[in-house]
1. Considering only residues that are farther than 24 Å from A94 by Cβ and hydrophobic (A, V, I, L, M, F, W, C), which ones fall in segment 21-77?
2. From the list V30, V2, V48, which residue is surrounded by fewer than 14 Cβ atoms within 10 Å (Cβ to Cβ) and either within 25 Å of V86 (Cβ to Cβ) or modelled with pLDDT of 90 or more (or both)?
3. Which one of these does I6 not meet: (1) part of a loop (DSSP other than H, G, I, E, B); (2) under 11 Å from the mean Cα position of the chain (by Cα); (3) within 13 Å of L77 (Cβ to Cβ)?
4. Can you give me the number of residues within segment 51-93 that are of a type in the set (F, W, Y) and under 21 Å from L17 (Cα atoms)?
5. Provide a single number: the residues in segment 8-20 that are farther than 15 Å from R91 by Cα and surrounded by 15 or more Cβ atoms within 10 Å (Cβ to Cβ).
Amino acid sequence: MVSDSIRPGTFIIFRKLKHGNSPGPWARAVTPELRGEGYRYHVDKFWVVLEQRGEDSLLVLTRSGKRHVVDRRDPNLRRANLWERVWFRHRFPAPPASARRHPSTPLPQM
């Protein structure tokens, strides 16, 4: 679950349940389906928060540029820890310029 300190620019990981005939290299917890026609597995999605929408939802940006609204209380959603932000930095989308600086942070002086 995501904590209340989430704000724009925060990196999050969403564990998504998928079905298919051939799980990719990032698939985890791969199990065959009941009739053996395919597989069921989880894939971690690496997203960045664009904005909070109300008390219970977040607008997130995917690596391909898509936007999703997710429930912040979803048990499959969590903040990326420091190690994950470093190790998987190439899998997170670049936050847009508007989300890189918190509005209360002053601009650096030149």
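The values are calculated or read from the model by the stated rules, or taken from the named source; none is laboratory data. Small disclaimer: the values here were computed from a predicted structure and weren't measured. Please note: Cβ atoms are built from the backbone with ideal geometry, for glycine as well, and neighbour counts cover all protein chains shown.
1. A27, A29, V30, L34
2. Of the residues listed, the single one that is surrounded by fewer than 14 Cβ atoms within 10 Å (Cβ to Cβ) and either within 25 Å of V86 (Cβ to Cβ) or modelled with pLDDT of 90 or more (or both) is V30.
3. Among (1) part of a loop (DSSP other than H, G, I, E, B); (2) under 11 Å from the mean Cα position of the chain (by Cα); (3) within 13 Å of L77 (Cβ to Cβ), the lone unmet condition for I6 is (2).
4. Going through segment 51-93 one residue at a time, the tally reaches 2.
5. Qualifying residue count for the region: 1.
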